[in-house]
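Contents: one structure, followed by commentary.
The values are calculated or read from the model by the stated rules, or taken from the named source; none is laboratory data. Quantities reported herein were computed from a predicted structural model and do not represent experimental measurements. When we count neighbours, we look across all protein chains shown, and the Cβ atoms used for this are built from the backbone with ideal geometry, even at glycine. Side chains are part of the model used for accessible areas, which takes the heavy atoms of the whole protein and leaves out ligands, DNA and RNA. Shrake-Rupley method; radii C 1.70, N 1.55, O 1.52, S 1.80 Å.
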Amino acid sequence: MALVLAMPATHPLAKLKKIAPRRLHNLPLVGLGREQFPDYTVSIRAKLKPFGVTPRFVVLVNDGVSPLFVALEANNAAAVLTEGITGMMPRSLVTRPFSPALPDIAVSIGLPAVRPNPHAERFARLLREEAEHMKTVRS
């Protein structure tokens, strides 16, 4: 999935249509905490390194995206998230694509081999279909 910059609509970078990755230099960022999202900060650092940017996380949230949205507004900060987040955000937040684009994030899902769950299987199928749809939209 493609990465985007999420921020309050009042954030100075929200005026731009696309965000150059170098604009993240010294920008206060909110991120997903290591406790629940162990690979998030490592992955974001690796994706920004080719642009000479070391992310400056001011808040790391372990409780999911709803508290992350609150932290974005409270800190007037930004977060690097996948484009799929857009449909879940409150109207007070916006996303902007990166240009040049950051490398995509791979999304994995595990399904039980024993006692399969039809709801989980349907969710995985919908997730896969949405990923395919987003590929064609971006092309």
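Output the residues belonging to region 40-70 that are closer than 17 Å to L24 by Cβ and not in a helix (DSSP H, G or I).
G52, V53, T54, P55, R56, F57, V58, V59, L60
For region 20-39, enumerate the residues that are assigned to a loop (DSSP other than H, G, I, E, B), within 16 Å of V65 (Cβ to Cβ) and open to solvent by less than 100 Å² (accessible area, probe 1.4 Å).
G33, F37
In region 47-68, is there at least one residue being β-branched (V, I, T), open to solvent by less than 90 Å² (accessible area, probe 1.4 Å) and under 20 Å from K18 (Cα atoms)?
yes
When you look at R91, is it modelled with pLDDT of 90 or more, assigned to a loop (DSSP other than H, G, I, E, B) and surrounded by fewer than 14 Cβ atoms within 10 Å (Cβ to Cβ), yes or no?
So R91 fits the description; yes.
Under 8 Å between Cβ atoms, at least 6 apart or on separate chains: pull out the pairs that start in region 5-17 with a residue that is within 17 Å of S99 (Cβ to Cβ) and among the charged types (D, E, K, R) and end on any residue that is open to solvent by 10 Å² or more (accessible area, probe 1.4 Å) and in a strand (DSSP E or B).
K17/R96
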